Each structure stands twice: as structure tokens, then as C-alpha cells.
Amino acid sequence: MIIYGIGLDTSAKVAFQSHAHTDHFVSGNVIFSTKATKFLSHLRKGGFYKVVPFGKSFYIGDYKAKLYPAGHMLGSAQIYIEFDEFSLLYTGDVKWFRLRTAEKSRFRKADILIIEATFGVPMYNFPSPKEAEKKLIAFVESVLDKGKTPTLYANQMGKAQELLKILDVHGYTVRTSRDIIKVARIYEKFGIKFKNIDNDGEVLLRGFRSPKPRNSLSPYELYVSGFGNLKLSNHGDFWELMRIVEKVKPEKIYTVYGHAKEFSKILKGLGYDATAIDKDCCLYCYKNI
Ligand SMILES: [Zn+2]
């Protein structure tokens with residue numbers, strides 16, 4: 001969306017890119033992001049990125065701003081902007097609980113909250129990352145015990161490196177693709193090391209470009225996603241999103257992505273002033289809200 005001329009995960013002359021997933025890529029004369037987002041994005045695209053560390057005040061256009069970790073993947077950031085009439089927090093893709101390979105998310109109060117709603121309905125109630133990790137390791141052990149190769153499917157940027165790290169911590173070697181390794185090498189520049197990448201690894205880790213149908217999986221395969229059969233998600237589930245709303249204490253909420261409409265309806269029912277918006281909308285530009 002664009003707000004007072006500033007693109008939030010939307011292309012504009014002055015834009016903010018929250019993280020390095022392709023559906024959040026932007027173009028612009030200057031793109032504000034974290035260093036990790038810049039490095040990871042440059043694997044796939046060009047563009048002039050102005051790097052900003054977490055917690056440091058800077059100006060985006062004419063407005064004072066600060067980045068906060070979003071906990072979604074390495075480098076993922078929320079942006080807090082002080083406009084003349086209100087403060088605003090835009091979460092980008094966001095996770096309440098801590099993952100091993102993302103900076104722990106932190107939230108602050110703001111007048112307006114723009115929050116993602118990928119899993120913004122109560123049926124999305126995921127295990128905590130620690131519980132999901134236990135399930136993952138139990139699966140890997142049981143498949144190896146049968147003399148088979150455990151195969152994991154995951155988004156090749158972010159989730160794949162999270163799995164690689166979990167398997168490293170638990171002592172499993174992993175065979176994986178060049179693309180996943182390329183991303184992992186950038187994670188290593190930021191201090192997240194992987195000692196378990198091995199062409200003869202015990203576990204096979206594969207990327208996917210589109211969600212894999214759950215019914216097409218063999219008993220030796222796991223599709224690791226909030227939409228998959230192991231719900232280790234790097235997005236907050238409904239209950240995590242609610243915790244974020246309670247922490248930010250906004251006067252106005254805009255919901256975006258995924259279940260934006262349903263989530264705003266639920267929030268309204270709870271007494272919040274909430275509106276679903278389209279990711280390409282222009283807030284406070286026209287009377288389109
Ligand atoms: Zn994402």
C-alpha cells in the first residue's frame with residue numbers, strides 16, 4: 001500500500017521493503033530495508049537499497065521512522081512511522097513466537113496498525129515452533145528407522161534455512177538444492193551457521209514454488225508450512241495476530257493479505273475499528289477506504 005506517497009511493500013519513488021520474499025519485492029528510486037533483506041533480495045533482483053538497522057531512527061520521505069524485527073525470516077522488519085497526525089506500525093509478514101533463524105519480533109504501541117492476515121481466522125491455531133520442532137524430529141527419526149529417506153518440502157527462502165538449522169542442532173545431515181544453499185550462505189554472513197549440508201545427507205530438503213497438495217505426499221514426506229501437514233509457520237496464526245493487536249493497542253487497524261476481510265470482521269466484533277485493505281491501495285490518498 002502507499003501512504004502519504006511512501007510505498008509499504010509497494011513500489012513507489014520512496015519505498016519500504018519488509019523482507020525478501022518475492023511477493024513483497026518493490027522497486028523505487030530508493031528502497032529502505034534491513035541489510036539481510038537487501039542481500040537476500042539481490043539474489044533475485046537489483047535496485048538501490050538504503051540499509052537501516054533495527055531500532056535506529058531515520059527519515060523516510062519527510063517522516064521519522066524506525067524498523068523493528070518482524071520475526072518472519074532473517075532480516076524481516078516492521079516499520080514504525082511518525083506522520084503529522086498519527087503514528088503507524090506496518091508489520092509486513094510477522095511472527096509472534098521466536099524462530100531459530102529470524103530476529104525475535106518486538107512490537108510497540110501505535111495509533112494505526114497495518115497487520116498481515118495470512119492466517120487471520122481462528123481455525124489457524126498452530127503448534128509453537130518448539131512443539132513443531134519436536135514433531136519434525138520425531139518424523140525424521142521414524143522414517144530413518146524404517147531405512148527410508150525423510151523428505152521435507154519448504155519455501156526455499158526462510159523456511160528451508162529454519163529446517164536446516166533445526167536439523168543441524170539435532171545432528172542430522174541434509175542433502176538440498178543449490179538455491180537453498182545460496183540463501184543459506186547469506187544467512188551465514190549474518191552469523192547463522194550450518195554445518196550439516198552434505199551431498200550424501202540423511203534428510204532430503206526440497207524447495208517448492210507453489211503449495212504442494214497434501215494428499216500427494218508419501219508417508220516419508222512432509223510439507224512444512226501453515227498450509228502443510230507440519231505446521232511450522234513463519235507467519236503468526238490467528239492467536240499470535242491477536243496478541244500483536246493487543247500489544248500495539250491501535251485506535252485503527254487495517255488488515256491486509258490472506259484472510260484480511262474475515263480478520264477485520266472478527267476484530268470489529270471485538271470492538272476494534274478495523275478495515276480490510278488491498279495490498280496495492282493508497283491510504284489517505286483518495287477516499288477509497
Ligand atoms: Zn513472507
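The values are calculated or read from the model by the stated rules, or taken from the named source; none is laboratory data. The shown structure was predicted, so the numbers you read here are calculated from the model rather than taken from an experiment. Every residue, glycine among them, receives a Cβ derived from its backbone with ideal geometry; neighbour counts consider all protein chains shown. Only protein heavy atoms, including side chains, enter the accessible area calculation; ligands, DNA and RNA are left aside. Shrake-Rupley method; radii C 1.70, N 1.55, O 1.52, S 1.80 Å.
Odds and ends about this structure:
- Pick from the range 16-48, criterion among the hydrophobic types (A, V, I, L, M, F, W, C) and buried (at least 23 other Cβ atoms within 10 Å of the Cβ), ranking: farthest from Gln78 (Cα to Cα): Leu40
- Pairs where the first residue, in the range 177-188, is assigned by TED's automatic domain parsing to the domain that holds Leu163 and the second is assigned to a helix (DSSP H, G or I) and among the small types (Gly, Ala, Ser), C-beta under 6 Å, 6+ apart: Ile180/Ala160
- Subset of the range 102-117 (residues that are of a type outside the set (A, V, I, L, M), assigned to a loop (DSSP other than H, G, I, E, B) and surrounded by 22 or more Cβ atoms within 10 Å (Cβ to Cβ)): Ser105, Phe107
- Within the range 1-13, the residues that satisfy the criterion of being more than 16 Å from the ligand (Cβ to nearest atom) and not in a loop (DSSP other than H, G, I, E, B) are Ile2, Ile3, Ile6, Gly7.
- Residue list for the range 204-228, filter: among the hydroxyl-bearing types (Ser, Thr, Tyr) and either at pLDDT 90 or above or within 19 Å of His72 (Cβ to Cβ) (or both): Ser218, Tyr220, Tyr223, Ser225
- Any hit, the range 155-170, residues being of a type in the set (Val, Ile, Thr) and in contact with a Lys or Arg (Cβ under 9 Å, 6 or more places away or on another chain): yes
- The criterion of being in contact (Cβ under 8 Å) with a residue 60 or more places away in the chain, under 21 Å from Val94 (Cα atoms) and exposed (fewer than 13 other Cβ atoms within 10 Å of the Cβ) does not hold for Asp237.
Results for (1) assigned to a loop (DSSP other than H, G, I, E, B); (2) among the small types (Gly, Ala, Ser); (3) closer than 23 Å to Ile112 by Cα, shown as yes or no for each residue.
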residue	(1), (2), (3)
Ala15	no, yes, yes
Gly28	yes, yes, no
Leu43	yes, no, no
Gly46	yes, yes, no
Gly55	yes, yes, yes
Ile79	no, no, yes
Val94	yes, no, yes
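- Counting the residues of the range 198-210 that are over 20 Å from Phe139 (Cβ atoms) and crowded, with 16+ Cβ neighbours inside 10 Å gives 0.
- Note on the range 57-73: residues that are open to solvent by 70 Å² or more (accessible area, probe 1.4 Å) and assigned to a strand (DSSP E or B) amount to 2.
- Hits in the range 234-265 (condition: touching a helix residue (DSSP H, G or I) at 6+ places or on another chain (Cβ under 8 Å) and not aromatic (Phe, Trp, Tyr)): Asn234, Gly236, Leu241, Val245, Ile253, Thr255
- Residue check, Phe32 in contact (Cβ under 8 Å) with a residue 24 or more places away in the chain, within 16 Å of the ligand (Cβ to nearest atom) and touching a strand residue (DSSP E or B) at 6+ places or on another chain (Cβ under 7 Å): no
Every residue, every condition in (1) over 29 Å from Ser225 (Cα atoms); (2) without any contact (Cβ under 8 Å) to a residue 60 or more places away in the chain; (3) of a type outside the set (A, V, I, L, M), yes or no:
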| site | (1), (2), (3) |
| --- | --- |
| His21 | no, no, yes |
| Ser41 | no, yes, yes |
| Pro53 | no, yes, yes |
| Tyr63 | yes, yes, yes |
| Tyr68 | no, yes, yes |
| Glu82 | yes, yes, yes |
| Trp96 | no, no, yes |
| Lys104 | no, yes, yes |
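- Flag for Tyr90 being open to solvent by 10 Å² or more (accessible area, probe 1.4 Å) and either out of contact with any Pro (no Cβ under 6 Å at 6 or more places or on another chain) or within 14 Å of the ligand (Cβ to nearest atom) (or both): no
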